[in-house]
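Beneath this line is the structure, given in C-alpha cells, with notes to follow.
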Amino acid sequence: MIRVALRGLGGRKLRATLTALAIILGVAMMSGTYVLTDTIDKAFSQIFDESYAGTDVVVSGKGADISFQGTSAAAPSVDEGLVDEVAALPNVEAAAGAITDESSTKIIGSDGKALNTQGAPSFGFGVDATHPDFSRFNAFNLVEGTWAEGDGEVVLDAGVADREGYQVGDTVAISTLRPKQDFEVVGIAKIGDVNSLGTATFAIFDLAAAQELLDREGQVDTISVAGADGTTPEQLVSEIQPVLPDDAQVRLATAEAQDDKEEISEFTSFIEYFLLAFAGIALFVGAFVIFNTLSITVAQRTREFATMRTVGASRRQVLWSVIVEALTIGILASIIGLFAGLGLAIGLNELFKALELDLPTAETVFATRTIVVSLLVGTIITLVAGLFPAIRATRVPPIAAVREGFTLPPGRLHRFTPYIAVLTMALSLFLLGYSMFRDELDTASRLLSIAGGVVLLFVGVAMISSHLVRPLAAVVGWPARAIGGAAGKLARGNSVRNPGRTAATAAALMIGIALVTFVAVLANGMKASNREAIEDQVIADYVVTAQDGFTPFVAAAGDSVAEAPQAELVANVRSDLARVGDAETYLTGIEPDTILETYRFDWKEGNDSVASGLGDDGAIVDANFAEDHDIAVGDTIRVLTPSGQTLEQEVMGLYEPPPFYPLLGGVSVTKERFDSAFERPRNQFTFVNVAGGPSGATTAALTEAVANFPDAKVQTREAWINQQDEDFNQFLTMLYVLLALSVIVSIFGMVNTLVLSVYERTRELGMLRAVGMTRRQARRMVRHESVITALIGAALGLPLGVFLAALVTRALQEFDVRFSVPWGQLVFFAVIAVIVGILAAIMPARRAAKLNVLRALQYE
Amino acid sequence: MQTEPQAQSTNGAVVTANDVTRVYGAGETAVHALRGIDLEIQRGKLTGIMGPSGSGKSTLMHILAGLDRPTEGEVTIDGTPIARLGDTELTKLRRRHIGFVFQFFNLLPMLTAEENIRLPLDLAGGKNDKAWTDEVIERVGLGDRRKHRPAELSGGQQQRVAIARALVSRPTVVFADEPTGNLDSTTGAEILDLLRESVSTLGQTIVMVTHDPNACSFSDRTLFLADGLIVREVAKADAHEIVTTMEEVSHL
Ligand SMILES: Nc1ncnc2c1ncn2[C@@H]1O[C@H](COP(=O)(O)OP(=O)(O)OP(=O)(O)O)[C@@H](O)[C@H]1O
Ligand SMILES: [Mg+2]
C-alpha cells in the first residue's frame, strides 16, 4: 500500500514538487528564524561571557533600577577611590576600574555623519591598559594595533572599522558628551570572536580620557575584582560589601552576565516570535494549498481508489495511501525547508541590515530544537491538511470503478457547510472581540486569541467562499469576457465549474492579501494619528532630535543651537526615566520661559500660566498618567531618579496630550530641577523658533550650529513628521516582504490548481483545439481563469483586511488611532493580484498550448 | 469481524441470487433494472450472461459481486448472504472470494505489471506465494512484460494483467464485465481462450457478461436477460445457437 502511495507520488513529480514548495517556504522561514535568533543569542552570550571573563565579582553604582517601555536606566557611576579601597582588601588579588557608557559616544562615519545605531547602544569604554592586571580583566580582543594611551587615541570596533573603512593610523571624529573631536585610530578590537555587533558600535579610550570625555571625572562605572586563590566569589562579595558606600553594590560576575543575557534574550525572543508569526502565516497558507491540491488529486483518482477497493483494499488502506502521500511530501518538504532555512537566515539578516536593523552575529547556530520543531511542524501541518482529502478518498465506493464519470457525492456535512462557516465566523468574531476589548487579558493570551480568531475567520470565509465564487466570478470575470473574447468566456465558465476548488485556491491568496491590506490600512491610520498628534502639540519651526529620532541626545547640542543668530527662541526638553510613586515613566524637564512658544498644552486643569510660571518644586502631569495613578492637582508626588535621588513636586496642572504620541513624559518639571537630579542630563527635543519661518538657509545655519554634535539632527517640523513617516514605511516594507512569502506560497497553490485542471481537461482542450481554438487562445483561456481566481482572492481579501484593520483601530481607541483607508494602495494590491494571476498561469498555460491535439483526444 | 462462510451448498452453487430486484431512483423516474432474479452459479464453470443493451446485465453482475446492493432479495457468495454486510466484511469477502476483470482494465498506472498483479495479495497482507504468482504470470503470457507499466502495454496485454490480477488470489469466483469489449476480435479471442483455460485447468469459477455470441460459445452455460429478468438459459452451445436465442430474446 505504501508502495502504491509512493509510486503514485513519483508518477506526479511536478504536482508533488509544487505541493511540497507550499510547505518548504513556511518551514524554511521557521528554521531560518530559529537559526538567526539562536545565532544572535549566541553572539550576545559570547559578548557577556567575554565581558566578565577573569572577573569574579563586579562593583558598580546602585541606582533605582528603573525601566520603562523596554529601556532601562544606566546605573550611576561610583567614586574612583573605591578601586584602591577594594584592591586593598585582604582576599582581593586584583581590582580595576573601567568606564562603560552606553549611549553618548557617536563615531562619525566616512560620510561625515554620526553612525546611526537605530537605538542600539553606542558604547564608549574607558580602560587602563597600563594597569598591571589589565589583561586579566580585558574583555576585548585586539585584532590590530595597540591600546589607546592618553587623549586623542582610540581603539575602534572591528565591525565599524570594516564597514566604514577605518584603518590603524586613520583619523576618526567622535563626539561624546564633549563636542566632536578627532582621534587617531591606534587599534581595532572585537569582543571575543563576535564579528559584528550589528548596528551597535564601540570605541575604547584610555581610562582618563574616557572620564573626561564622558563626564566622569574621578569616577568609574564598574570595578572588576578577582579574588586571591582559594577565595570563592561569594566570600569576596561578603568581604567587599561592608566597605562600599550606599550608592554602590557588589555582585557576582556570573549573576551579572546572567542578567545581561536574560535582558537580551527577552529582546531576541521578541524578534523570534515576530518572525515565527510570519512563518506561521506562510504555513497556514501552505496548509490551504496542500488541502486543495490533495482534494483535487483525490477527486481525479476516484477510479483508482475504487479499483483498489474492488481488488481488496479496505477503507483504512485507502486512507493510508493518501496519508502516506501527504506524510512523504510533508517529511521531504520539511527536510528541504529546514536546510533552506540556513540560507533564509542569511537572507533575513540581510533584510535587517538593509533596514539598518542588523544585530550581532557569531558563527551560525543550528540547534537540535530547530531541527526537531521544524520537521515536526512541517510534517504535522501537511498531515493535518491531508487528512480531510484522505477521509474523502475512503468514501469512494468500489462501484466507482465501473461507473463512467463517477463523482463523489458531497459529504454528509456538506449540507451544513454554510452553517458551519457562519458558526466558525461567529466564534472568530467572538474571539477577536474578546481579545481586543477585554482589558484584563495578558499579552500572550491576547495575542493567541487574536491569532485564533483570525485563523478561524479565514477558515470561515474560505468555507463560505465556494458559494461566493459564482457571483464574484461574474463581476471580476467581466473584463476577461470583454477583452478575452471566446477564450475569456470559456475561462469564466471554467472558473465556476468547480466552485469549491476555485474558492480554496483563491482563499490561499485571500489570506496574504487580507494581511497586507490590514497592515496598509492600519499603518495609514497610524501615520495620520502621528501627524495629527505632532501637529497638535508642536508649534515650533524646528525640532532638534538625535539622528535616530527617538533616543535622547547630548544636552550641549541644545545650547549650541541657541548660539545660532537665526535661533530666535529655543526650548530644550530634557528626558530620562524616573519612578513616580510606584509607576515608572519618563520625566521631562521643560523651560517655562520658552516652552509655550513651541509646545501647546491642552489643559485639563490649569492654564498656560501654570507652565510659564512653573517653579522648581512644581510639576505638570499628563492627565492620563494622573488618572491611572490617582494623582490630582495639589498633590505632592515623589519622583525617584535612577541615581537614587528623590524629588518632591507639587502637581500644578494636568494636560491631555494626544494619546497616540505624547511628546512629553508622564511628569514634567523645570529644566533646572531636572538637571539637579540627573548626573548627565540629555535632551529628548530642542524646539527652535526662527525669525521669518523655516527656510533652506536657516536649516543650513542651524545644522551648522550643531555640527560639533553630529548626533543632533535639525529638521523643520514638517520634515520631522515626514522623517517619521519614512522610518515607519521602512518598517512596513519589512512587513510586506515577510508577508510576500505567504503570497508566494499561494502562487504555488494557483499554479498547482491550474496544472491539475489543464490535466483534467486534456480531452476537452483537445476538442477545443480540434474545432479551431488557437494556441494563443488556449493560453489566454488558462491565463484568464488564473486572473479571475486571483481577483476572487483579492475581492475576498481586501474587504477582510479592511475589516480587521477597522476592528483593531477600534480596539486601539484609547490611543486615538485614526481609521483611514488608503484607496490607492488597495487598488495597487488588486493590480498585484492580477499580476500574481498572470504569473501563476505562465507554466500551466504553456502546457495547455503545447497539447498535442491528436493525443489529447485519445487521452483516457 | 469475519463472517465465516457457511458450508457450501450441496449442489455446488457458489453464487446464488434469490428474487433480486434493483430500482434506480424513485417515483416517476424510477428505473426497474432488475425485476426478480433467481440464479445459481456453478463451481468451476464459465457462466455467460447475455442480453440486449439496458437489460440489466451490468447491474446484475455488480449486485452478485457485492459492488452494489439489491433493492430487495438476497445474494450469497460461497454460502454467505451479502446483502447486509458492512464495508469491512465486504472487503474481506472480496479479498477471499472475488476477482474482477473490467472492460477498461482498471490497472493502476504507477505500478508495473507484476506489481499490479500482486496488488490483491499485498492488500490482503498474507504471505506472498511467489511460485503461484509466477505461474499465473506465465500462464497469462506476461513473463517478459513484468516490469512494464500499463501505459507501455497493449490493450490485450493490459487485459492479461487484469486477468492475472483476478486469478492471483484464487478467488471463489471471478466476474468479468465485457472483458473483450474494448479489444479487437483477435485479441478478444485470445483473452477468451485464457479465461476458458483458467476454468478448465485451474477449476476457476467465472461469470462473464458479454455482447459477443462467440464469447458465449466458450461458456458452459449462458443466461439471457431481457428487461431485468432471466428469460432463457442454454447449456454449452455454439455461436449460431446463441445468435438465434439472442434474436428471440430481443423480440420478447
Ligand atoms: N446508476 C444508474 N442510475 C440510474 N439508472 C441506471 C444506472 N445504472 C443503470 N441504470 C439503468 O438500468 C438499466 C440497466 O442498466 P445496465 O447497465 O445494467 O444494462 P446493461 O445490460 O449492462 O447494458 P449494456 O449492455 O448497454 O451495458 C438501464 O435502463 C440503465 O439506464
Ligand atoms: Mg453493461
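The values are calculated or read from the model by the stated rules, or taken from the named source; none is laboratory data. As the structure is a computational prediction, the values presented were derived from the model and not from experiment. Here Cβ is always computed from backbone atoms with ideal geometry, including for glycine, and neighbour counts include all displayed protein chains. We work out accessible area using only protein heavy atoms, side chains counted, and drop any ligands, DNA or RNA first. Shrake-Rupley method; radii C 1.70, N 1.55, O 1.52, S 1.80 Å.
From the residues B:229, B:214, B:172, which one has its Cα farthest along the dipole of region B:122-252 in the positive direction, the dipole being from +1 and -1 charges on Cβ of Lys/Arg and Asp/Glu about the Cα centre?
Value computed over the given set: B:172.
Of A:537, B:249, A:187, which is farthest along the charge dipole of the protein assembly as shown in the positive direction, counting Lys and Arg as +1 and Asp and Glu as -1 at C-beta?
Result: B:249.
In what order, largest first, do A:62, A:713, B:127 sit by accessible area if the probe radius is 1.4 Å?
Largest to smallest exposure gives the sequence B:127, A:62, A:713.
Pull up the cross-link candidates among the lysines for residue A:850, meaning alpha carbon to alpha carbon under 22 Å and not fewer than 8 places away within one chain.
Within the straight-line limit of under 22 Å, residue A:850 reaches these lysines: A:13, A:489.
Where in region B:76-95 does accessible area fall by at least 20 Å² between the isolated chain and the complete protein assembly, at a 1.4 Å probe radius?
Going by heavy-atom accessible area, the residues of region B:76-95 that drop by at least 20 Å² are B:87, B:91, B:94, B:95.
Hey, got the dipole for region A:548-710? About the Cα centre, +1 on K and R Cβ, -1 on D and E Cβ, debye to the nearest 20?
Dipole size: approximately 400 debye.
For the charge dipole of the protein assembly as shown, defined by +1 on Lys and Arg C-beta atoms and -1 on Asp and Glu C-beta atoms about the Cα centroid, which residue among A:515, A:30, A:378 has the Cα displaced farthest towards the positive pole?
A:378
For region B:20-103, what are the per-bin percents of Cα-Cα distances with bins 5 Å wide, up to the bin holding the maximum?
Answer for region B:20-103: a P(r) of 3, 12, 24, 24, 21, 11, 4, 1, 0 percent.
Using only Cα atoms, locate the centre of region A:299-367 and the centre of region A:133-207, then give the distance between them in Å, rounded to an integer.
Measuring centre to centre over Cα atoms gives 47 Å.
List the lysines whose Cα sits under 27 Å from the Cα of residue A:527, skipping any in the same chain fewer than 8 residues away.
A:353, A:604, A:713
How many partner chain Cβ atoms sit within 10 Å of a residue's Cβ in peptide B:106-119, on average, as a whole number?
Mean partner-chain Cβ count within 10 Å for B:106-119: 4.
Working from the alpha-carbon coordinates of region A:548-710, get Rg over Rh, Rh being the Kirkwood radius.
0.98
Note every residue of region A:7-24 with a reduction of at least 20 square angstrom in accessible area, all protein chains present versus the isolated chain, computed with a 1.4 Å probe, or write none.
So the qualifying set is A:7.
Can you list the residues of region B:120-148 that have at least 10 square angstrom less accessible area with all protein chains present than in their chain by itself, probe 1.4 Å?
When all protein chains are present, B:120, B:122, B:123 each give up 10 Å² or more of accessible surface.
Give, rounded to the nearest 20 debye, the magnitude of the charge dipole that region A:182-323 has about its Cα centre when Lys and Arg contribute +1 at Cβ and Asp and Glu contribute -1 at Cβ.
In debye, rounded to 20, region A:182-323 gives about 2560.
How large is the accessible surface of residue B:147 in square angstrom, using a 1.4 angstrom probe and rounding to the nearest 10?
Per-residue accessible area (residue B:147): approximately 150 Å².
What percentages, rounded to whole numbers, describe P(r) for region A:3-148 computed over all alpha carbon pairs with 5 Å bin width beginning at zero?
2, 6, 9, 13, 14, 12, 9, 7, 5, 4, 4, 4, 4, 3, 2, 1, 0
Which helices pass in chain A if a helix is a full DSSP H run, must span at least 20 angstrom along its long axis by Cα, and must have mean Kyte-Doolittle hydropathy not below -0.5?
Span-like helices in chain A: A:13-51, A:253-300, A:315-354, A:368-394, A:417-437, A:443-476, A:499-537, A:717-760, A:775-811, A:823-850.
Just to make sure I understand: if all protein chains stay in place, what is the order of B:69, B:146 by accessible area at 1.4 Å, largest first?
B:69, B:146
For the protein assembly as shown, would you read off the P(r) tail past 62 Å as a percentage of all alpha carbon pairs?
Pairs farther apart than 62 Å: 32 percent.
Give the span of region A:729-801's Cα atoms along each principal axis, as three whole-Å numbers ordered largest to smallest.
Dimensions of region A:729-801 along the principal axes of its Cα atoms: 54, 20, 19 Å.
Would you list A:442, A:259 from the most to the least accessible area, probe 1.4 Å?
Ranked list, largest accessible area first: A:442, A:259.
Just tell me which lysines come within less than 27 Å, Cα to Cα, of residue B:45; anything on the same chain fewer than 8 places away is out.
B:57, B:92, B:130, B:236
Using a 1.4 Å probe and ignoring any ligands, DNA or RNA, find the accessible area of residue A:742 and quote it in Å² to the nearest 10.
Ignoring ligands and nucleic acids, residue A:742 comes out at about 0 Å².
Rounded to whole Å, give me the distance from the Cα center of region A:757-813 to that of region A:664-727.
Comparing the Cα centres of region A:757-813 and region A:664-727, I get a distance of 53 Å.
With a 1.4 Å probe and every protein chain left in place, tell me how much accessible area residue A:34 has, in Å² to the nearest 10.
About 20 Å², ignoring ligands and nucleic acids.
Radius of gyration and Dmax for region A:248-376's Cα atoms, expressed in Å?
23.0, 85
Once you charge only the Cβ atoms, +1 for Lys and Arg and -1 for Asp and Glu, what is the size of the charge dipole of region A:695-835 about its Cα centre, to the nearest 20 debye?
1220
Roughly speaking, what is the centre-to-centre gap between region A:501-571 and region A:377-413 when only Cα atoms are used, to the nearest Å?
52
At 1.4 Å probe size, with the rest of the protein present, what percent of the exposed accessible area of region A:508-596 is carbon and sulfur atoms?
On region A:508-596, the fraction of accessible area on carbon and sulfur atoms equals 49 percent.
What number, rounded to the nearest 500 deg cm²/dmol, is the helix-based mean residue ellipticity at 222 nm of chain A, given -39500 (n - 2.57) per DSSP H run of at least four residues and division by all its residues?
-19000 deg cm²/dmol
Just the number, please: buried accessible area between A and B, total of both chains, 1.4 angstrom probe, nearest 100 square angstrom.
The summed interface area works out to 2200 Å².
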